[in-house]
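Right, one structure below, let's go through it.
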Amino acid sequence: MPLAPLLVGLLVTGGAGAADPPVRVDTSSARVDVFTDEWVTVVAPSANLDLTLPRGWSVSGAWAADVISGATPHITTDAISSATSFHELRNGLSVDLQAAPKTTWSLHGSYAGSIESDFVSNTAGLGAKVDLLKRMASLRADYHSRFETTGRADDRSYSEPASAQLLDLSWAWILGRGTVATLLASGEWDACSPALGCVANPYRTVRTTQGVVLPERHPDTRGRAAGALRLSQALGANTAVHGGYRYYADSWRISGHTADLSLARSLFKDALVLRANGRFSRQGAAFFFGPEYDGTPAWRTGDRDLGALHTWKAGIAVEGSAYTLEGLSRLSLAANIDRLWLRQDDFAGDHSHDAWLVGGGLSAAF
Amino acid sequence: MSALILLFGVLTGCVTLAPYQRATLMTRVMQDPYDTREAATAAHVIEVREAMAGASAASGASCGCR
């Protein structure tokens, strides 16, 4: 059965019609996001489904795809070293199974996988969540183990493995009738193929000052850590402000700061919700990054995203909801548009990564 | 670090809300935009173009985006 009509049917009906069904649809949604800059355009459709099962179990499933097309004006320091145009399709699936024996704590296991012509990723995870302090606080811990294989579209025998171990912790607590604060921390350890290194691109090359062309080569391990604080504050009954700050550091000596702020306003008793958001980030360069290389350094990269850069993002979102439909507690239509500006310190005149991000979707709660 | 733990303890111990006092927290505007699927998409897009990651909405399988 085609996936799209099935999801649309479940989106609207929620599987209604069965008396006391053992499986109940909680929410379903579908959306499309489009990202475009001077180099690439990515169309990303996605769909999600959340089901309640008997005896405190629930399951969530999601599908997402990236349809990528682009043309590259640069020849050496770019995603594709010699191509002038390219197309790629990535499909990803994820499933999360949750058990909640008590209302105050739950366990969950998850799997996510994605595949494209030259890359495969599989991620398995386990997690737990517990409400504490008379349900004024919530502690969540998630552990993921990821396995990847990087290949080459022009060489089927090429295969370089990599793995990552990730731990995410979050502590959310209610400080008042309209105030919520959240602390987040994450850690990651990557172990990669010594032939390629972590997040290196097998197609990308670098050119030295002597005119020698070398393949990109990154360190084969990477430790990463990030900590963030988020705050949500109601400003009356129909307005709220949300903000956050994150600090990041890794073993490649990249460190950086990210801050975001958004304002939400509800109109017509939540029938319309408007949001305005902004984000700023600033990062330093990896210790082996350079706009050009002299000689044959052990580590070298053509990835400008490992250099010092700063980004701004600003956008608006609107969501319209209906609450009086038969069989639905809420049906919502949402749309957003964001502008992204990216400036790299070593290529200050390059504005080609400035991008638009546009999205929209339909969601239903039952 | 001791001061932070003490502050945390004071803050979490001072306020207890009954379920009927949490109506404001359940409104649509109080949903943190970081904690939505839209945010996960945006985080995925941005993390491909920055070297930083973690403590954010992005999750799931990675991509060969580099």
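No lab work stands behind these numbers, since they all come straight from the coordinates. Note that the coordinates shown come from a computational prediction; the quantities given were computed from them, not determined experimentally. Glycine gets a Cβ as well: all are built from the backbone with ideal geometry, and neighbour counts include every protein chain shown.
Things worth noting here:
- Charge tally around A:Gly236: other residues with Cβ under 12 Å, Lys/Arg +1 each, Asp/Glu -1 each, net +2.
- Rh (Kirkwood; distinct C-alpha pairs) - the range A:205-289, Å: 16.5
- Inter-chain Cβ neighbour count for A:316-323, averaged per residue, equals 1 (cutoff 10 Å, partner chain atoms only).
- Dipole size of the range A:198-249 about its Cα centre, with +1 on Lys/Arg Cβ and -1 on Asp/Glu Cβ: approximately 40 debye, rounded to the nearest 20.
- Comparing the range A:137-261 with the 2.2 N^0.38 Å rule of thumb, its C-alpha radius of gyration ratio is 1.49 (two decimals).
- Within chain A, the longest run free of GluC sites (Glu not before Pro) that sit in a DSSP loop with at most 16 other Cβ atoms within 10 Å is A:39-291.
- Peptide A:42-49 is shielded by partner chain Cβ atoms: per residue, an average of 1 of them sit within 10 Å of its Cβ.
- From phi via Karplus (6.51, -1.76, 1.60), per-residue ³J(HN,Hα) for the range A:117-124 in Hz, x at Gly/Pro: 4, 10, 7, 10, 9, 10, 10, 10
- When the charge dipole of chain A is built from unit charges on Cβ atoms (+1 for Lys and Arg, -1 for Asp and Glu) and taken about the Cα centre, the candidate among A:Ala226, A:Ser157, A:Ala172 whose Cα reaches farthest toward its positive end is A:Ala172.
- Fully extended contour minus Cα-Cα distance, from A:Arg207 to A:Ala259, at 0.36 nm per residue: 15.2 nm
- When the range A:246-310 is reduced to its Cα atoms, the Kirkwood hydrodynamic radius in Å: 14.8
- Most mobile of A:Asp346, A:Asp131, A:Asp154 in a GNM of chain A (Cα contacts under 10 Å): A:Asp154
- Dipole of chain A [Lys/Arg +1, Asp/Glu -1 at C-beta], most positive-end residue of A:Leu263, A:Ala335, A:Ala62: A:Leu263
- Whole-angstrom Cα spans of the range A:102-208 along principal axes, big to small: 58, 34, 21
- Around A:His108: net Lys/Arg minus Asp/Glu count, Cβ-Cβ under 9 Å: -1
- Computed about the Cα centre, the dipole magnitude for the protein assembly as shown is approximately 1480 debye when only Lys and Arg (+1) and Asp and Glu (-1) carry charge, each at its Cβ.
- Computed helical MRE - 222 nm, chain A, DSSP H runs ≥ 4 contributing -39500 (n - 2.57), nearest 500: -1000 deg cm²/dmol
- Legend: mean number of C-beta atoms from other chains within 10 angstrom of residue C-beta atoms, peptide A:166-172, equals 2.
- Size descriptors for the protein assembly as shown: radius of gyration and Dmax over Cα atoms are 22.6, 76 Å.
- Potential lengthening of the chain between A:His310 and A:Tyr143 amounts to 57.1 nm, from the contour at 0.36 nm per residue minus the alpha-carbon distance.
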